[in-house]
1. Report D for segment 74-213 in µm² per second (integer): Stokes-Einstein, Kirkwood Rh on Cα pairs, 10 °C, 1.306 mPa s.
2. Using each residue's phi in segment 166-181, evaluate 6.51 cos²θ - 1.76 cosθ + 1.60 at θ = phi - 60° and report the 3J(HN,Hα) Karplus result to the nearest Hz, with x for Gly and Pro.
3. What is the projected area of the convex hull of the Cα atoms of the chain, averaged over all directions, in nm²?
4. As I understand it, the dipole of the chain uses +1 on the Cβ of Lys and Arg and -1 on the Cβ of Asp and Glu, about the Cα centre. Which of Met312, Phe210, Leu81 lies farthest toward its positive end?
5. Evaluate the charge dipole of segment 131-186 about its Cα centre and quote only its size in Debye, nearest 20, assuming +1 on the Cβ of each Lys and Arg and -1 on the Cβ of each Asp and Glu.
6. Within the chain, what's the longest run with no trypsin sites (Lys or Arg not before Pro) in a DSSP loop and at most 12 other beta-carbon atoms within 10 Å? Give the range, please.
7. For the chain, find the longest principal axis of its Cα atoms and tell me its angle to the long axis of helix 224-239, 0 to 90°, nearest 10.
8. So if I place +1 on the C-beta of Lys and Arg and -1 on the C-beta of Asp and Glu, and nothing else carries charge, what would the dipole magnitude of segment 155-246 be about its Cα centre? I want it in debye, nearest 20.
Amino acid sequence: MDLCDEATSARRAATSEIAAAKTLDELEAARVKYLGRKGLLTLLLRNLGKVGPEERKEAGRLLNEVKQEILSLVAGREDSLKQAAYSSSLASESLDVTLPGRRGAIGRVHPTLAVMDELVDIFVGMGFTPVEGPEIETEYNNFDALNFPAGHPSRDEHDSFYVGEGYVLRTHTSPAQIRVMQAQQPPVRVVVPGRCHRRDTPDASHVVSFHQIEGLFVDYDVSMADLKGTLAAFAREFFGPETRVRFRPHYFPFTEPSAELDISCLVCGGKGCRVCKNSGWLEVLGCGMVHPNVFDHVGYDRASLTGFAFGMGVDRVAMLRYGINDMRLLYDNDLRFLDQF
Ligand code: 2U9
């Protein structure tokens with residue numbers, strides 16, 4: 001077969017192979033097969049030297065014509081393959097804007113922090129200023145300044161997390177109130193929300209890291225009546241206007257006299273039930289008149305100043321509010337539980 005015939009059959013074969021290429025790779029393979037360094041057409045062109053001038057002229061013209069034709073066929077096929085890939089990706093990526101969007105998981109405020117915010121709002125409404133303090137506290141601010149005697153059990157390694165000499169993870173937010181009194185003169189009226197840590201064995205009513213809110217009101221004529229009035233108003237505001245309260249004598253190193261505040265049971269209204277262990281009352285918080293020894297530690301004049309303080313476990317209040325029977329649920333991060341709030 002002479003060069004011209006070979007060129008013609010190469011043209012026919014290349015034309016059909018290029019047209020049959022379904023992918024860019026197949027097309028590239030066809031291009032290389034005919035136009036590559038060892039391509040059929042390249043070899044034919046190289047053979048031009050071996051034929052006579054007559055045939056070389058015609059064969060040369062035809063071979064270059066076929067080569068150009070194959071080049072443009074390849075370019076054309078490449079465009080249509082790319083166009084097809086583009087439109088199929090468009091089709092596959094087509095966004096049906098009528099389809100409902102995928103609703104992102106909207107989080108919500110954790111029940112403990114929702115209650116914390118509500119408690120802060122109530123006391124801010126009564127003129128208390130919210131302040132925060134560090135979770136790593138000095139042993140002095142957390143215990144000594146609050147009139148805890150040296151051997152007090154809660155100072156024991158078993159009860160508190162010591163972090164280095166003289167530092168402890170605060171066991172209550174009270175040290176923040178000590179810092180406030182060290183930093184300013186009376187009157188002082190603050191509430192301190194925050195996280196506290198006690199080395200406890202976790203159970204239904206104890207977790208190692210929990211949330212508290214404490215309050216302190218110091219001025220020149222603060223009385224137990226102010227304390228009782230303030231906390232009774234708080235209880236009605238938070239638990240409902242029909243809530244009854246009672247103050248039960250108690251003991252804290254940092255207050256004298258001290259009391260615990262109970263509210264009428266939210267479940268039975270005071271008649272007695274499983275939740276209030278048939279007492280009709282639920283314990284909510286502790287409180288008392290600031291112990292004068294505390295004033296000594298912060299350089300306040302115990303002779304002229306008086307103050308009241310209170311403290312409550314916010315997780316416990318959230319459990320009362322939502323009827324939760326195990327405090328650990330608040331820290332298990334189980335969305336099946338948390339999604340209820
Ligand atoms: C200063 C002086 C006195 C804060 C108080 C309580 C009573 C109290 C407990 C509630 C639940 C701790 O988390 S709990 O177990 N706290 O009962 N706290 S009076 O007294 C203070 C605070 C600061 C300077």
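The values are calculated or read from the model by the stated rules, or taken from the named source; none is laboratory data. On a predicted model such as this, the values are computed, not experimentally measured, just so you know. Methodologically, a virtual Cβ is constructed for each residue, glycine included, from the backbone with ideal geometry; neighbour enumeration extends over all protein chains shown. Note: accessible area is taken over every heavy atom of the protein model, side chains too, but ligands, DNA and RNA are not part of it. Shrake-Rupley method; radii C 1.70, N 1.55, O 1.52, S 1.80 Å.
1. Estimated diffusion coefficient is 80 µm²/s.
2. x, 10, 9, 5, 4, 9, 7, 8, 3, x, 5, 5, 4, 4, 4, 5
3. Numbers: hull surface 133.3 nm².
Spelled out: convex hull of the Cα atoms, projected over all directions, averaged, 33.3 nm².
4. Value computed over the given set: Leu81.
5. On the way: 3 positive and 9 negative charges, 46 e Å.
Taking the Cα centre of segment 131-186 as origin, the dipole is about 220 debye.
6. On the way: sites that count: Lys22, Arg37, Lys38, Arg102, Arg103, Arg108, Lys271, Arg274, Lys277.
With a cap of 12 other Cβ atoms within 10 Å, the longest stretch comes to 109-270.
7. In the chain, helix 224-239 runs at an angle near 40 degrees to the longest axis.
8. Working: 11 positive and 12 negative charges, 35 e Å.
The calculated dipole for segment 155-246 is roughly 160 debye.
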